[in-house]
Amino acid sequence: MSVEQEKIVDFIGDNEAANEVVLFITDHLPWDDSANEHLNLLQKKINKYIAFIESGELVQLRPSAVSKKKVIEVQTKYENSDIANSFYKHAKERMDGSGIELRFSYQGN
């Protein structure tokens, strides 16, 4: 599963210590000449995750999530470009107040 499969939630995990449920997006795509297409895929995938959480599907699938903080974490294979960092900053700002935290982590090659 990956960022290219926009209708699929890649992975869901629990961080019991932080009382969080984390929905992971795996992003294996490089930030190269196809950055606009990459951003489009990432935006669609994040929007799918938001809808999955807000519709109640997450809680139906994982009832313990009802009382936990919701986190979407994008795990990237490649370091972010300036375009990617700008996108992430904008996406985080747009999600402020939604009750869903957006995180990004670089996993390396």
To the nearest 0.05, how large is the calculated FRET efficiency for Asn47 and Asn19 if R₀ is 41 Å and r is the Cβ-Cβ distance?
0.95
Dipole-positive endmost among His38, Gly13, Ser64 within the range 1-103 (Cβ charges, Cα centre)
Ser64
The alpha-carbon center of the range 41-78 and that of the range 1-28 are separated, in whole Å, by 7
Please report, in debye to the nearest 20, how large the charge dipole of the chain is about its Cα centre when each Lys and Arg carries +1 at its beta carbon and each Asp and Glu carries -1 there.
340
Stretched out fully, how many nm does the piece from Asp82 to Ser2 gain, at 0.36 nm a residue minus the Cα gap?
26.6 nm
Mean accessible surface per residue for the chain, computed with a 1.4 Å probe while every protein chain stays in place, in Å²:
58
Applied in sequence order to the range 49-59, the curve 6.51 cos²θ - 1.76 cosθ + 1.60 (Karplus, θ = phi - 60°) yields integer Hz couplings, x standing for Gly and Pro, of 5, 4, 4, 4, 6, 5, 6, x, 4, 4, 5
Sticking with the crude label model, points 7 Å out along Cα→Cβ, report the distance from Ser105 to Val59 in nm, one decimal please.
2.6
Mind grabbing the accessible area of Glu6 for me, 1.4 Å probe, Å², rounded to tens?
60
Label assignment, Rg and Dmax of the Cα atoms in Å derived from the structure, set [x] 19.9, 58; [y] 14.3, 43; [z] 13.6, 42
[z]
From the phi angles alone, apply the Karplus equation (6.51, -1.76, 1.60; θ = phi - 60°) to the range 33-44 and give each ³J(HN,Hα) in whole Hz, x where the residue is Gly or Pro.
5, 9, 4, 5, 5, 4, 4, 4, 4, 5, 4, 4
Over the chain, what percent of the accessible surface lies on carbon and sulfur atoms, probe 1.4 Å?
47
Restricting to the chain, compute how many DSSP beta bridges are antiparallel as a %, nearest 5.
25
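The values are calculated or read from the model by the stated rules, or taken from the named source; none is laboratory data. Please read all numbers here as calculations on a predicted model, not as lab measurements. Glycine also receives a Cβ, built like all others from the backbone with ideal geometry; neighbour counts cover every protein chain displayed. Accessible surface areas use protein heavy atoms only, side chains included; no ligands, DNA or RNA. Shrake-Rupley method; radii C 1.70, N 1.55, O 1.52, S 1.80 Å.
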